[in-house]
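Quick one: the structure is below, and I'll ask about it shortly.
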Amino acid sequence: MPDNSKSLMIQTTDLTKRFGRFTAVDKLNLSIEKGEIFGFLGANGAGKTTAIRMLCGLLKPTSGTAVVADCDITHQSEQLKTRIGYMSQRFALYEDLTVKENVLFYSGIYQVETSRALSVAEELLSEMGIDLGSKALTSSLPLGFKQRLALTCSLLHDPRLLFLDEPTSGVDPQARRAFWNVINRLAEKGKTVIVTTHFMDEAEYCHRVVIMQEGKAIALGEPAVLKNEHSVPNMQQLFLKLVS
Amino acid sequence: MKSNRIPAIMLKEANHILRDPRTLLIVVLMPIVQLIMFGYAMNMEIRNLRMAVFDYSHTPTSRELVNDFSASGKFQVSYPNLPEDSINQLFFSRKYEAVLLIPKGFAEELNRLKKTDVQLLIDASDPNAATLIRSYCTSVIGRYNQLEKYSPIDVRTNILYNPDMRSAYFFVPGLIAMILVMVSALLTSIAITREKELGTLEQILVSPIRSHEIVIGKVLPYIILALLDALFILTVGMTLFGVPFRGSFPLFLGFTLLYVLAALSLGLLVSTVAQTQQVAMMMALTMTMLPTIMLSGFIFPIASMPKLLQLFTYIVPAKYYLQIIRGIMLKGNNLTQLLQPMLALIIMTVVMLAVAVKRFSLRLK
């Protein structure tokens, strides 16, 4: 076996999570390379979010191991957390704070220098036309803006690995398109991006995907290769074929 | 490593507090409403009690006794001039709260034996009022006996620390105890469960923050808020109701801080159990408000409770805090006289905090 561990960002071995008698993630084996945009696909309850939460150090695996950003997720979660960014599916922002106050809060808990955090935020938000100095509360922003702000907050500490849990749910198609452009640019800068989604058309944007069902990986590979193997025209058809 | 995580959380929390009208409503309006309600509605004094007198003695001696009743200022005496068997009707129509029957041989027996009986009927459909009426009557008759030298034993009661038995003296400390436990426990448990509901807690937990940083950062603003609130209630209580403050103010602040810590630990504990704000609110209210009103000695004396309930009072923080601040405010107690309740509060705080932090850090996994 060639030694490719240097270029790997994530490697899981039989990663398993059980809640009581329910197995949410069942012996997941994945190797994800640096700079990849990697998609977790599957219906609701397929185990995508649980898998991601384990990889972030938020949940302890029941069995199996994983090394993420050179950290063991069970024993080095503290160190792991300084290297990753995470954006949950609910855009965890404080609606009663302004945009700037949200940015300052997250820069505070990540111990990022204020001036640096503000310039990072300025750069990421300006193209959306979001004004950092605005007195408006976050609750008054449209959903697309909130999504961008949540992404910004998870990037302030310049993580090498970014987890996006259903980042585009509830956002209109135009904003989704724009968001994927940002993700692509992040990958070009060398960041690894892990995305969960149940929009099969978005899977086409990923370099590689894993399709999950009932906690198990039922398909893994590049979208084009997978479509070819199963001779289907798009990911939607592939998914339906695999799941039924 | 310099940590600026705690100030970041504190600042955010302070913004939440200042921007949420509900919090300010609880902290400012609730004490005012309760002070007014307790101060003016829960008056432990009754004046102008209507008393009907049936004087069958018709002597100067009996009239003197009746005069003593009206001179006490508590009673409005009248002679209804009705047959004795209509007394029930007087009570049914709610025209009188008490009836005094002076028998025919009153003056004569008193002269001869230095001792006689009168009958007192009290409407006890309101037992609290009845108890008060009874004690008023006893004191009027006691004074009468004393002056006329009928009583063999002369009892002179000296009421200490609250000589006028002003109810404000006991409810202002009680209200401080109640509002503090509510503000501290309720607001902290809501503040944490709100983040669970919104998903922001998950977002914080995925950062390299430590659980004690979250707890301290979230709780400190509420400590300050609770202390300010205590001073606010104290000031209103002292200016509006003239409640005295005889002891040391720094001592008061120190003990109040200890009590707030106990209440905050309770709030933290609640937030590790409850998943939603509503559940947290219900739990915090039932665990603080009811025990503080019913079982702390705030309104009902602990000694008058059944033994089983008395045991429960040992785990009510307000019980100890009330002993402390009544001691400081009304009696001018010093630290050594308050070591026992202080120790009890410290033990409770340490136990609750330990359990809460342990459960809280488990949530990280």
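The values are calculated or read from the model by the stated rules, or taken from the named source; none is laboratory data. What you see is a predicted model, and the numbers here were worked out from it, not measured in a lab. All Cβ positions, glycine included, derive from the backbone under ideal geometry; neighbour counts span all protein chains shown. SASA here: full protein model, heavy atoms, side chains in, ligands and nucleic acids out. Shrake-Rupley method; radii C 1.70, N 1.55, O 1.52, S 1.80 Å.
Do we have B:Gln76 as polar (S, T, N, Q) and not in a helix (DSSP H, G or I) here?
Against the criterion (polar (S, T, N, Q) and not in a helix (DSSP H, G or I)), B:Gln76 qualifies.
Among the residues of the range A:181-196, count how many are within 12 Å of the chain's Cα centre (by Cα) and open to solvent by less than 10 Å² (accessible area, probe 1.4 Å).
Counting residues in the range A:181-196 that are within 12 Å of the chain's Cα centre (by Cα) and open to solvent by less than 10 Å² (accessible area, probe 1.4 Å) gives 6.
Hey, does the range B:23-46 have a residue that's within 14 Å of chain A (Cβ to nearest Cβ) and within 22 Å of B:Ala226 (Cα to Cα)?
yes
For residues that are surrounded by fewer than 18 Cβ atoms within 10 Å (Cβ to Cβ), within 9 Å of chain A (Cβ to nearest Cβ) and modelled with pLDDT of 90 or more, tally how many sit in the range B:193-234.
The total comes to 0.
Okay, next question. Return the total of residues in the range B:43-60 being open to solvent by less than 40 Å² (accessible area, probe 1.4 Å) and within 27 Å of the chain's Cα centre (by Cα).
1
Going by the conditions given, is A:Lys135 within 13 Å of chain B (Cβ to nearest Cβ) and crowded, with 22+ Cβ neighbours inside 10 Å?
For A:Lys135, the condition - within 13 Å of chain B (Cβ to nearest Cβ) and crowded, with 22+ Cβ neighbours inside 10 Å - is not met.
What number of residues within the range A:166-193 are touching a Gly at 6+ places or on another chain (Cβ under 8 Å) and closer than 22 Å to A:Leu55 by Cα?
Qualifying residue count for the region: 4.
Which condition breaks for A:Asp72 when tested against (1) in contact with a Leu (Cβ under 9 Å, 6 or more places away or on another chain); (2) in contact (Cβ under 8 Å) with a residue 12 or more places away in the chain; (3) more than 10 Å from chain B (Cβ to nearest Cβ)?
(2)
Among (1) touching a Ser or Thr at 6+ places or on another chain (Cβ under 9 Å); (2) assigned to a helix (DSSP H, G or I), there is one condition A:Arg148 misses while meeting the rest; what is its number?
The one condition A:Arg148 does not meet is (1).
When the range A:80-130 is examined, which residues are found to be open to solvent by 10 Å² or more (accessible area, probe 1.4 Å), within 11 Å of another protein chain (Cβ to nearest Cβ) and either of a type in the set (Ser, Thr, Tyr) or at positive phi (or both)?
Result: A:Thr82, A:Phe91, A:Thr98, A:Tyr110, A:Gln111, A:Thr114.
Could you tell me whether A:Arg148 is open to solvent by 30 Å² or more (accessible area, probe 1.4 Å) and either in contact with a strand residue (DSSP E or B) (Cβ under 9 Å, 6 or more places away or on another chain) or of a type in the set (Lys, Arg) (or both)?
Taking the combined requirement at face value, the residue does not satisfy it.
Of everything in the range A:152-177, what is part of a helix (DSSP H, G or I) and within 12 Å of chain B (Cβ to nearest Cβ)? Give them in sequence order.
A:Cys153, A:Ser154
Any chance you could count how many residues in the range A:50-69 are within 19 Å of A:Ala150 (Cβ to Cβ) and more than 9 Å from every other protein chain (Cβ to nearest Cβ)?
The number of residues fulfilling the criteria is 2.
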